[in-house]
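Have a look at the structure below, then the notes.
The values are calculated or read from the model by the stated rules, or taken from the named source; none is laboratory data. Model, not experiment: these values are computed from the prediction. Here the Cβ positions follow ideal geometry from the backbone for every residue, glycine too, while neighbour counts run over all protein chains shown.
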């Protein structure tokens with residue numbers, strides 16, 4: 001067997017074509033960000049064909065947890081730059097002839113990969129929920145079952161829910177709240193922590209961990225510091241570790 | 001790299017902790033997915049009776065010509081561990097992953113293969129490394145294996161893939 005035949009054989013092992021219902025699925029040489037090979041679906045007859053990624057570019061980012069709000073609008077410029085169409089999250093070729101089929105398979109595969117890469121580069125995790133979850137799990141990793149959520153009563157006699165109450169030795173409690181640079185987040189945690197602090201419960205320490213990757217206004221940090229001692233997230237591990245030793 | 005280490009530690013601690021599925025008392029309802037061919041079931045995960053916004057997500061493709069589904073652990077918004085069950089797919093691993101360079105068919109994007117593969121915590125995780133299944137499995141066996149590996153107790157879970165709802 002000559003080299004060309006060997007290469008052809010090796011490629012056909014991976015880049016195969018198989019039938020699904022009334023269409024054919026082609027495994028291409030493009031890779032999505034997750035490492036999956038891009039597959040495109042070909043429909044048509046003897047003379048005219050259509051190629052589609054069947055929405056796999058959008059599914060790539062959805063598999064990572066994102067929920068793109070209007071995927072068609074997002075990927076339309078990418079598809080258009082390859083001369084392709086978008087509908088219901090699918091990147092599609094226009095009708096093509098047999099002589100253009102190979103080209104259209106390559107175009108759809110590359111557009112689909114580009115769209116998936118664009119999603120991964122562009123879409124971001126929402127920081128508020130993520131930050132709250134990260135602080136919670138960071139504390140559970142540090143203090144294990146000593147961390148519990150619960151309600152505490154402030155000087156106003158109103159009860160406030162706190163996600164992270166750490167039960168320390170000598171019956172002391174460390175209340176760790178998290179806040180992001182957002183008016184609602186600041187207001188709600190400010191009120192709860194200020195009310196609790198004003199009650200002067202013995203044996204309760206309070207800390208507010210803020211996300212110091214954001215650009216905070218000094219006045220917002222000042223307001224929060226009136227309610228509890230502030231800890232920047234970048235130093236939370238070191239600062240709160242001291243409580244684990246007490 | 002800021003915050004990446006904390007995210008890794010948080011996910012490590014979360015996956016190691018014993019967890020339960022919060023399936024509720026009624027019959028489980030599959031919801032519609034964006035893809036009209038798919039259906040989705042999203043179940044909260046509990047640690048010591050508390051839910052912190054993390055989920056087991058199951059995507060089903062009932063009209064697929066062969067068994068196809070996806071199981072995922074969603075930590076906040078990040079999917080951190082996922083099985084892609086599809087017979088005809090191909091997956092390429094990173095060169096330095098220590099895994100076979102290519103995987104055919106159903107594969108598992110384990111957290112342990114991917115926990116050091118990202119540099120920003122606010123991007124969704126690509127989970128670029130995966131291992132193959134040694135033997136093909138049915139849905140229930142795959143779900144039990146996935147949950148056991150991630151310390152999720154499921155018992156008599158009552159989760160079944162939705163039936164086919166079209167002829168083609």
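Looking at A:80, A:141, A:66, just one residue is under 30 Å from residue A:20 (Cα atoms), surrounded by fewer than 23 Cβ atoms within 10 Å (Cβ to Cβ) and within 10 Å of chain B (Cβ to nearest Cβ), and that residue is A:66.
For every residue, the table says whether it meets (1) more than 13 Å from chain A (Cβ to nearest Cβ); (2) free of Cβ contacts under 8 Å to residues at least 24 places away in the same chain; (3) over 17 Å from the mean Cα position of the chain (by Cα).
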{"position": "B:10", "(1), (2), (3)": "no, no, yes"}
{"position": "B:15", "(1), (2), (3)": "no, no, no"}
{"position": "B:40", "(1), (2), (3)": "no, yes, no"}
{"position": "B:47", "(1), (2), (3)": "no, no, yes"}
{"position": "B:52", "(1), (2), (3)": "no, yes, yes"}
{"position": "B:55", "(1), (2), (3)": "no, yes, no"}
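Scanning segment B:150-168 for residues that are touching a strand residue (DSSP E or B) at 6+ places or on another chain (Cβ under 9 Å) and without any contact (Cβ under 8 Å) to a residue 40 or more places away in the chain yields one hit, B:155. Only one of the listed residues (A:158, A:130, A:124) is at pLDDT below 90 and in contact with a helix residue (DSSP H, G or I) (Cβ under 8 Å, 6 or more places away or on another chain). That residue is A:158. Whether a residue is within 9 Å of chain B (Cβ to nearest Cβ), surrounded by 19 or more Cβ atoms within 10 Å (Cβ to Cβ) and over 30 Å from residue A:58 (Cα atoms) was assessed, and residue A:133 does not pass this test.
Scanning segment B:80-92 for residues that are in contact with a helix residue (DSSP H, G or I) (Cβ under 8 Å, 6 or more places away or on another chain) and either surrounded by fewer than 24 Cβ atoms within 10 Å (Cβ to Cβ) or more than 9 Å from every other protein chain (Cβ to nearest Cβ) (or both) yields B:81, B:83, B:84, B:85, B:90.
Residue A:28 passes every criterion in (1) over 24 Å from the mean Cα position of the chain (by Cα); (2) more than 11 Å from every other protein chain (Cβ to nearest Cβ) apart from (2).
Where residues in segment B:127-150 are more than 14 Å from chain A (Cβ to nearest Cβ) and assigned to a loop (DSSP other than H, G, I, E, B), which of them is modelled with the highest pLDDT? Can you show your working first?
Taking segment B:127-150 first, the residues more than 14 Å from chain A (Cβ to nearest Cβ) are B:133-150.
If we keep only those that are assigned to a loop (DSSP other than H, G, I, E, B) too, we end up with B:133-138, B:150.
Values: B:133: 81, B:134: 70, B:135: 69, B:136: 60, B:137: 77, B:138: 90, B:150: 96.
The selected residue is B:150.
Just so you know, in segment B:93-127 the residues that are closer than 19 Å to residue B:149 by Cα and touching a helix residue (DSSP H, G or I) at 6+ places or on another chain (Cβ under 7 Å) include one that is surrounded by the fewest Cβ atoms within 10 Å (Cβ to Cβ), and it is B:99.
The set of residues in segment A:216-239 being at pLDDT below 85, loosely packed, with under 13 Cβ neighbours inside 10 Å and either touching a helix residue (DSSP H, G or I) at 6+ places or on another chain (Cβ under 8 Å) or within 14 Å of chain B (Cβ to nearest Cβ) (or both) consists of A:235, A:238.
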